[in-house]
Amino acid sequence: MAAGDIMIDFYFDTKHGVLKNKLNIIDYKESKVAERYCFEAGFRELKSENYFSAEPEYMCHVHNVLYNPMYTWAGQYRLIDMERPELTLNGLSMQYETYKEIDNSVKNVFKDMKDIRLKDLSMDEKLDWIVTITTKLWHIHPFRDCNTRSLIAFIYQYCSSDSLVLDSNLLISNLDYFRTSLVAASFEDELIEVYPDRSYILGIMKDAFSENYKH
């Protein structure tokens, strides 16, 4: 956004401090409980589908299955630019993709996915590649909210399509750390000499990926 611009977040109920939702929830803590419930139920449904497609539409499908019971915009790219203060950045915000560029940026990531054959990679190369696309998609932040959990579900399906084991429970149970590791891997500000650090996301993803090294 240009200096002086005001971001109008029409997704947000400013009176109650929650995202507008189909369930008419106006309590913040209750809304978070409902999101977790939707995620758990939707993730079970996605696993039962036993299907994956390296297309942007499938990523949107994942988000929709997870959060359609709660949000009208589930599975749809956000229509506003976003700022979100990060405690680990002393209140600074990530520079997420502008909403007008989401479609092109997502398509570029999926083009790269189609060019890479997981079966041709060593286990370390697979891990590095999965971390790469996870970080890229999260940095784009295509949806208004619930990007981190939906990305876990998407990457889980991606791994499963190649018979790789991803311990999604490890990532979900350490969601705050996982998200913070994505912040570290994505944030860059040359003025204050802060550059992307992939060590944290590589560490937790390697733990979640560890079962594959036993074969």
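The values are calculated or read from the model by the stated rules, or taken from the named source; none is laboratory data. Here the structure is a predicted model, which is why all the values come from computation and not from measurement. Because the Cβ atoms are built from the backbone with ideal geometry, glycine has one as well, and the counts that use them run over all protein chains shown.
A few notes on this one:
- Selection within the stretch 167-197 - at pLDDT 90 or above, surrounded by 17 or more Cβ atoms within 10 Å (Cβ to Cβ) and over 22 Å from Tyr37 (Cβ atoms): Thr180, Ser181, Leu182, Val183, Ala184, Ala185
- Of residues in the stretch 29-74 being assigned to a loop (DSSP other than H, G, I, E, B) and aliphatic (A, V, I, L, M), the one nearest to Lys136 (Cα to Cα): Ala54
- Residues being within 27 Å of Leu202 (Cβ to Cβ), surrounded by fewer than 20 Cβ atoms within 10 Å (Cβ to Cβ), within 13 Å of the chain's Cα centre (by Cα) and of a type outside the set (Gly, Ala, Ser) are entirely absent from the stretch 75-88.
- Taken over the stretch 155-188, the residue count meeting the criterion of being free of Cβ contacts under 8 Å to residues at least 40 places away in the same chain, among the polar types (S, T, N, Q) and farther than 14 Å from Val131 by Cβ is 4.
- Residues that are over 24 Å from Tyr177 (Cβ atoms), at pLDDT 95 or above and basic (Lys, Arg), drawn from the stretch 93-136: Lys100, Lys107, Lys111
- Of the helices (runs of 4 or more DSSP H) lying entirely inside the stretch 120-215, those carrying at least 3 residues that are over 21 Å from Val106 (Cβ atoms) are 123-140, 168-173, 175-186, 199-209.
- Extreme residue, modelled with the lowest pLDDT, among residues of the stretch 32-72 that are within 23 Å of Arg117 (Cα to Cα) and of a type in the set (S, T, N, Q): Asn50
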